[in-house]
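One structure is given here, and the rest of the page talks about it.
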Amino acid sequence: MAMGLLFDAVKCIGCEACASACKEQNHLPGPVEEHTTAYTWTTVKSKEGVFSRTLCMHCEVPTCASVCPVGALKKTPEGPVVYDAKKCMGCRYCMMACPFDVPKYQWDRPVPIIGKCILCESKVKKGEPTACASVCPAEATIFGKREDLIKEARSRIEQHPGEYQDHIYGLTEAGGTAVLMLSSVPFGKLGLKENLPSEPPALRTWQVLSNIPDFVALWALFLYGIHWITARRSDVAKAEGSK
Ligand code: SF4
Ligand code: SF4
Ligand code: SF4
């Protein structure tokens, strides 16, 4: 069952409880930062007089997963696009491929991994709402089945047509996303990309890559070799340091 989030910029009061709850739920160090980083997976900012949330959109067909040569990112049937640090080799293709500029790198670590919202996968698997939705005091971030969230979003637009843009962001953008957004101002003013194609970029990625299978396989092997050596050196350094 595909779950998701609806963020309603009209209702958001900018309290940032969602951003703090995300830190706590995911044991992310430090305070909530100005922009999303490997340690701050969601932010809330005032733009054009309304509050805008930034987080992974959990694309229906995620480009980040389609370009990852080692399968470190994957879409789960419940909706979250999750990340396995143990598989990641640090090539950062996902960062370059994401149409929403979401994955961030741990630039400060010797063996960096990627950080991004994982839609509270462990909670969602148990049928529980995400931490950010649980704490929202204004029903600005709500959790539910994607199809129910679409109905709720349509209902909010219909009931208050003067307050909302007549569009649900994420319904079709980049092939559709599990995170949907409503706004009173054009979505571009919230910092969201407008005019994204409704065809998932991931499909186009595969169309291109499928023409060069040998290159992809060899490049993946090469990068994996580098990753293995880096990790190995790190492990050796740690082991030697503990002597
Ligand atoms: S928004 Fe970016 S990181 Fe998130 S699922 Fe889509 S492609 Fe992946
Ligand atoms: S869904 Fe979970 S991981 Fe994503 S922003 Fe909300 S609290 Fe953080
Ligand atoms: S908790 Fe809700 S009202 Fe507060 S900033 Fe987040 S989305 Fe907005």
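The values are calculated or read from the model by the stated rules, or taken from the named source; none is laboratory data. Model, not experiment: these values are computed from the prediction. Neighbour counts run over all protein chains shown; Cβ positions are idealised from the backbone, glycine included. For accessibility, only protein heavy atoms count, side chains too; no ligands or nucleic acids. Shrake-Rupley method; radii C 1.70, N 1.55, O 1.52, S 1.80 Å.
Here are some notes:
- Rounded FRET efficiency, nearest 0.05, which uses the C-beta distance separating Tyr105 from Glu163 and R0 of 45 Å: 0.75
- Estimated translational diffusion coefficient (Stokes-Einstein, Kirkwood radius over Cα pairs, 20 °C, 1.002 mPa s) of segment 92-205: 132 µm² per second.
- GluC sites (Glu not before Pro) lying in DSSP loop within segment 131-197, provided at most 12 other Cβ fall within 10 Å: Glu194
- Only beta bridges with both residues in segment 3-204 are counted; by DSSP, about 80 percent of them are antiparallel.
- Largest to smallest accessible area among Glu199, Glu121, Glu24 [probe 1.4 Å]: Glu24, Glu199, Glu121
- Each label point was placed 7 Å from the Cα along the Cα-to-Cβ direction; for Asp84 and His35 their separation is 3.1 nm.
- In segment 87-127, the chymotrypsin sites (Phe, Trp or Tyr not before Pro) that fall in loop regions by DSSP, at most 13 other Cβ within 10 Å: Trp107
- The trypsin sites (Lys or Arg not before Pro) of segment 1-88 meeting both criteria, a DSSP state outside H, G, I, E and B (loop) and at most 11 other C-beta atoms within 10 angstrom of the site's C-beta, are Lys86.
- Exceeding the 29 Å Cα-Cα cut-off - candidates Lys126/Lys151; Lys74/Lys123; Lys125/Lys189; Lys11/Lys116; Lys87/Lys125: Lys125/Lys189
- In plain terms, the chain from Lys151 to Lys74 could stretch by 25.1 nm, reckoned as 0.36 nm per residue minus the Cα-Cα distance.
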